[in-house]
Amino acid sequence: MSMPSQSPMRGVFPVVPTIFTETGELDPDGQRRALDFMIDAGSEGLCILANFSEQFALADEERDRVIDLALHHVAGRVPVIVTTTHFSSRVCAERSRRAAAAGAAMVMVMPPYHGATIRVPEPGIFAFFQAVSDAIDIPIMIQDAPVAGTPLPAPFLARMATEIEHVSYFKIEVPQAAAKLRELITQGGPAVVGPWDGEEAITLFADLEAGATGAMTGGGYPDGIRQITDPWFAGNRDEAFAAYCRWLPLINHENRQCGLAAAKALMQAGGVIASDALRHPIPPLHPAARAGLLAIAHRLDALVLRWGR
């Protein structure tokens, strides 16, 4: 049975965007400033190299540079989760081994998939996560998201939690996430150490009510998400709900209008980073979507718009 090897990680663990120059190279100085801002804004942990970090647009050598830079610069101020997703069990295990050796507190991994049609059945998925677990001694978070196109029923996730040593956290960001979280928590019991919310917090309140103990959101406004989660975990539901209602327009605009461009657009507007460039062929954020994002963030007095000024 999976058993936690440390105190459970909980709270707000936003995804860190990968910062590029206008010409598309990694921007180490900008990356350090993004990390500092996100910690100053209240992140209780960070996740690097996720899909919202444009991990799929990075070369292997660039991944290694981001891991080393982030873990060295954060220097233990907060725990850092490293996404190590890959189709190959062997490559994912090696990526996870490297992340653990560099100081990662956890790895986040999607089930193996490729493109729109290449999928692996449940026995292969189980063996995949078993191979990753055998390679490391830190927790594994399974990312359950539509992009993989791979059904992961709650009973199957619960079985992996109970039978694979390091599988103990789950980022649930599929339709009806709250219902799935409830079922996972019921079936997995104490082996489900971290039932977490995702999808930029658009379903955060329902997921907290279902038992979520962590939220992996976009990186632009951890201060706003903390206004929701802090009172919730302190037992003040009304204050948490009021904060959720207040920040939901920004959460919705990020999730539905801007996607992975939102965090960098906010950081660039607030002087955190010099460029909000995305890796080609991802198109730049539409000016109207940017304007709407910034207008809502200004109304909320989000720290990101003041931190670098």
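Here's a check for you: in region 72-103, which residue that is under 16 Å from the mean Cα position of the chain (by Cα) and more than 21 Å from Glu54 (Cβ to Cβ) is surrounded by the most Cβ atoms within 10 Å (Cβ to Cβ)? Step by step, filter region 72-103, then rank; the result is Pro79. Restrict the check to region 22-37 and report whether at least one residue is surrounded by 23 or more Cβ atoms within 10 Å (Cβ to Cβ) and not in a helix (DSSP H, G or I). Taking every residue of region 22-37 in turn, none turns out to be surrounded by 23 or more Cβ atoms within 10 Å (Cβ to Cβ) and not in a helix (DSSP H, G or I).
Here is a yes/no grid of residues against (1) free of Cβ contacts under 8 Å to residues at least 60 places away in the same chain; (2) closer than 18 Å to Val16 by Cα; (3) in contact with a helix residue (DSSP H, G or I) (Cβ under 7 Å, 6 or more places away or on another chain):
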{"position": "His86", "(1), (2), (3)": "yes, no, yes"}
{"position": "Arg90", "(1), (2), (3)": "yes, no, no"}
{"position": "Ala102", "(1), (2), (3)": "yes, yes, yes"}
{"position": "Pro112", "(1), (2), (3)": "yes, no, yes"}
{"position": "Pro121", "(1), (2), (3)": "yes, no, no"}
{"position": "Ile125", "(1), (2), (3)": "yes, no, no"}
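Looking only at region 229-240, count every residue that is closer than 10 Å to Val12 by Cβ and either touching a strand residue (DSSP E or B) at 6+ places or on another chain (Cβ under 8 Å) or exposed (fewer than 13 other Cβ atoms within 10 Å of the Cβ) (or both) and tell me the total. Before the answer, list the steps.
If we filter region 229-240 for residues that are closer than 10 Å to Val12 by Cβ, which is where we start, we get 229-230.
Going one step further and asking which of them are either touching a strand residue (DSSP E or B) at 6+ places or on another chain (Cβ under 8 Å) or exposed (fewer than 13 other Cβ atoms within 10 Å of the Cβ) (or both), we end up with 229.
Selection size over region 229-240: 1.
Entry remark, region 177-224: residues being in a loop (DSSP other than H, G, I, E, B), buried (at least 24 other Cβ atoms within 10 Å of the Cβ), among the small types (Gly, Ala, Ser) and over 13 Å from the mean Cα position of the chain (by Cα) number 1 in total.
Please pick out the residue among Ala288, Ala274 that is more than 21 Å from Ser43 (Cβ to Cβ), assigned to a helix (DSSP H, G or I), out of contact with any Cys (no Cβ under 7 Å at 6 or more places or on another chain) and not basic (Lys, Arg). Just a single option satisfies the conditions, and that option is Ala288.
Take the conditions (1) at pLDDT 95 or above; (2) out of contact with any Asp or Glu (no Cβ under 8 Å at 6 or more places or on another chain); (3) on the phi < 0 side of the Ramachandran plot; (4) not polar (S, T, N, Q); Pro4 misses just one of them, which is (1). Does Val66 meet the test of being assigned to a helix (DSSP H, G or I), farther than 20 Å from Pro8 by Cα, in contact with a helix residue (DSSP H, G or I) (Cβ under 8 Å, 6 or more places away or on another chain) and of a type in the set (A, V, I, L, M)? The answer is yes for Val66. Anything in region 48-71 that is surrounded by 20 or more Cβ atoms within 10 Å (Cβ to Cβ), more than 18 Å from Val147 (Cα to Cα) and not aliphatic (A, V, I, L, M)? List them, or say none. Of everything in region 48-71, just one residue is surrounded by 20 or more Cβ atoms within 10 Å (Cβ to Cβ), more than 18 Å from Val147 (Cα to Cα) and not aliphatic (A, V, I, L, M), namely Arg63. Of all residues in region 161-176, those satisfying the criterion of being more than 22 Å from Cys47 (Cα to Cα) and assigned to a helix (DSSP H, G or I) are Thr162, Glu163.
Given Arg309, Arg299, which one is at pLDDT below 95 and farther than 20 Å from Ala57 by Cα? Going through Arg309, Arg299 in turn, the sole match is Arg309.
Looking only at region 139-162, count every residue that is within 19 Å of the chain's Cα centre (by Cα) and under 23 Å from Phe52 (Cα atoms) and tell me the total. Before the answer, list the steps.
First, pick out the residues of region 139-162 that are within 19 Å of the chain's Cα centre (by Cα): 139-150, 152, 157.
Filter once more, so that each one left must be under 23 Å from Phe52 (Cα atoms): 139-150, 152.
Number satisfying all stated conditions: 13.
Yes or no: Val78 part of a loop (DSSP other than H, G, I, E, B) and either farther than 30 Å from Pro123 by Cα or in contact with a Pro (Cβ under 6 Å, 6 or more places away or on another chain) (or both)? Write out each step before concluding.
Working: part of a loop (DSSP other than H, G, I, E, B): yes; either farther than 30 Å from Pro123 by Cα or in contact with a Pro (Cβ under 6 Å, 6 or more places away or on another chain) (or both): yes.
Yes, satisfied.
Restricting to region 241-259, give me the number of residues that are surrounded by fewer than 23 Cβ atoms within 10 Å (Cβ to Cβ) and either in contact with an Asp or Glu (Cβ under 8 Å, 6 or more places away or on another chain) or among the charged types (D, E, K, R) (or both). Final tally of qualifying residues: 3. If you check Ala104, Ala99 for being in contact with a strand residue (DSSP E or B) (Cβ under 6 Å, 6 or more places away or on another chain), within 28 Å of Val12 (Cα to Cα), assigned to a helix (DSSP H, G or I) and among the small types (Gly, Ala, Ser), only one passes: Ala99.
The values are calculated or read from the model by the stated rules, or taken from the named source; none is laboratory data. Owing to the predicted nature of the structure, the values given are computational and were not obtained by experimental measurement. Please note: Cβ atoms are built from the backbone with ideal geometry, for glycine as well, and neighbour counts cover all protein chains shown.
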